[in-house]
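Everything below concerns the one structure shown next.
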């Protein structure tokens with residue numbers, strides 16, 4: 001028996017598809033810190049593995065876990081929307097089926113949502129496939145602390161764009177998002193973006209036409225298993241970039257076409273998301289001149305300069321060198337951030353061990 005809506009403050013919404021191998025860790029990370037005011041909503045996009053069996057075992061451990069299986073696989077956009085439709089909480093925290101909530105974060109979010117803002121956005125710790133920490137990601141400039149942005153205000157929207165380091169600041173990464181369900185229900189699913197992986201972002205961005213107060217939470221609350229994306233199996237990095245470019249341009253056309261300054265600031269975020277060296281990497285994966293022409297046309301629309309595009313293409317012809325540089329960069333990032341986080345945890349452990357009050 002599901003609890004009545006007034007008893008639920010926060011719904012953790014998990015769309016899933018064929019992730020039986022990982023979803024148990026995801027569910028465990030929520031259940032171990034959940035209270036009676038928390039529910040978990042899992043929408044299964046017609047998995048062909050034993051996802052249903054895994055989830056049902058956790059239903060025995062946590063009575064506020066609701067499982068719904070779709071009749072057919074309609075894509076992650078529809079699955080995300082279905083989790084919100086089935087949710088009963090005042091707020092929905094979107095969570096992917098292979099990422100984890102950090103210990104103790106639900107208590108903090110329950111306190112945060114008492115302020116009643118439309119959207120809350122947190123940061124993440126990027127991990128490898130085995131959840132070894134790689135780096136901490138800040139969607140806004142690292143100097144920005146906890147703050148409320150009124151995105152329905154033109155000046156604050158532009159300021160927010162100028163402070164954004166990543167398109168995740170505009171809802172491209174769902175696990176960072178806690179949204180007010182009442183506001184979502186006023187607008188509903190964005191069918192214009194069905195199948196784009198940006199339907200959630202579209203609905204949330206549309207909040208700026210009404211009232212959109214976004215509380216930015218600087219702390220990293222999610223462990224992101226970043227090397228587990230299906231895009232790597234369905235077209236690779238080039239397709240991943242084009243997916244972002246096409247959807248982001250469509251968002252700009254739909255919501256910002258009447259204001260040149262807002263649109264320009266919004267598109268500029270993509271250039272921070274994908275700086276010049278990432279374009280070199282992508283260009284090294286493109287062999288067809290026609291495919292490169294189409295790709296470079298997208299780059300122009302985002303404001304990448306002709307000179308930069310030409311240089312990136314020329315450097316991208318040295319495929320082996322690019323591949324070697326990418327491998328070295330990944331190795332250095334992994335070692336640096338892993339050692340940094342382990343050192344921090346060691347210092348904290350030492351501090352608490354020496355605390356005489358314990």
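The values are calculated or read from the model by the stated rules, or taken from the named source; none is laboratory data. Computed from a predicted structure; not experimentally measured. Cβ coordinates were reconstructed from backbone atoms using ideal geometry, including for glycine residues, and neighbour counts include every protein chain displayed.
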Inset, instruction - Say whether the condition of being over 21 Å from residue 151 (Cβ atoms) and either in a loop (DSSP other than H, G, I, E, B) or out of contact with any strand residue (DSSP E or B) (no Cβ under 6 Å at 6 or more places or on another chain) (or both) is met by at least one residue in region 197-207. - result: yes
Legend entry - Breaking point among (1) within 21 Å of residue 188 (Cβ to Cβ); (2) in a loop (DSSP other than H, G, I, E, B), for residue 34: (1)
Legend entry - Residue match in region 73-85 (condition: closer than 19 Å to residue 7 by Cα and touching a residue at least 40 places away in the same chain (Cβ under 8 Å)): yes
Legend entry - Evaluation of residue 183 against (1) in contact with a helix residue (DSSP H, G or I) (Cβ under 8 Å, 6 or more places away or on another chain); (2) surrounded by 15 or more Cβ atoms within 10 Å (Cβ to Cβ); (3) modelled with pLDDT under 95 (one fails), failing number: (3)
Legend entry - Search result, residues across region 253-264 that are in contact (Cβ under 8 Å) with a residue 12 or more places away in the chain, in contact with a helix residue (DSSP H, G or I) (Cβ under 8 Å, 6 or more places away or on another chain) and surrounded by fewer than 19 Cβ atoms within 10 Å (Cβ to Cβ): 254, 255, 259, 261
Legend entry - Verdict on residue 28 being under 17 Å from residue 175 (Cα atoms), modelled with pLDDT of 95 or more, out of contact with any helix residue (DSSP H, G or I) (no Cβ under 7 Å at 6 or more places or on another chain) and not in a helix (DSSP H, G or I): no
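From 209, 153, grab the single residue that is surrounded by fewer than 20 Cβ atoms within 10 Å (Cβ to Cβ), more than 19 Å from the chain's Cα centre (by Cα), farther than 30 Å from residue 23 by Cβ and touching a residue at least 40 places away in the same chain (Cβ under 8 Å).
Among 209, 153, only 209 is surrounded by fewer than 20 Cβ atoms within 10 Å (Cβ to Cβ), more than 19 Å from the chain's Cα centre (by Cα), farther than 30 Å from residue 23 by Cβ and touching a residue at least 40 places away in the same chain (Cβ under 8 Å).
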Inset, instruction - Could you list, in sequence order, all residues of region 105-136 that are touching a residue at least 40 places away in the same chain (Cβ under 8 Å), part of a loop (DSSP other than H, G, I, E, B) and over 18 Å from residue 13 (Cα atoms)? - result: 116, 117, 128, 129, 131, 132
Legend entry - Residue check for residue 258: outside any helix (DSSP H, G or I) and more than 30 Å from residue 159 (Cβ to Cβ): no
Legend entry - For residue 227: the one exception among (1) outside any loop (DSSP other than H, G, I, E, B); (2) modelled with pLDDT under 95; (3) surrounded by fewer than 19 Cβ atoms within 10 Å (Cβ to Cβ): (1)
